[in-house]
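Peer 1: Sharing a structure with you now.
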Amino acid sequence: MKYKVTLNGKTYEVEVEAGKAILLDEYEALAPAPAAAAIPAASAAAPAPAAPAPAAAVSLAAGETVESPMPGNILSVNVNQGDKVKEGQVLAILEAMKMENEIPAPKDGTIVQVVTSKGAVVETGSPLFVIA
């Protein structure tokens, strides 16, 4: 069977036979061209809905920021502000694609800021903690 897979902006054509995968072609994925929006005269007079307000930027304390390695949901936060942590200690559990991922402390130190909370939805690179 042949499959087209797009990953990180590149499209791969892959053929799979009897447990073997063979790369047939690789190329840059192109974003679809934006369609020209025709606005009827009646709706043109109606006020446009307000754009959603951007999320407020979080002011981070001084120290090393622990960021989310992938998008997902925070299942638990295991530390509080002021807690002393050791390198490798689990700070939080992040659920991504039905897998629970441990977020470890990158170094020994003190948690100076907890940026996330249980139930929060985070993106790759979102700040979770600050360690000093």
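Peer 1: Among all the lysines, which ones have a C-alpha under 24 Å from LYS10's C-alpha, if same-chain residues fewer than 8 places away are not counted?
Peer 2: Candidates past the 8-residue exclusion: LYS2, LYS20.
Peer 1: Note down the relative contact order for region 53-123 as a percent, whole number, built from C-alpha pairs under 8 angstrom at least six residues apart.
Peer 2: Across region 53-123, relative contact order equals 39 percent.
Peer 1: List the lysines whose alpha-carbon lies under 25 Å from that of LYS84, not counting same-chain residues fewer than 8 positions away?
Peer 2: Output for LYS84: LYS107, LYS118.
Taken together, the values in this text are just the output of simple stated rules run on the coordinates, not laboratory data. It should be emphasised that the depicted structure is a prediction, and the values quoted were computed from it without experimental measurement.
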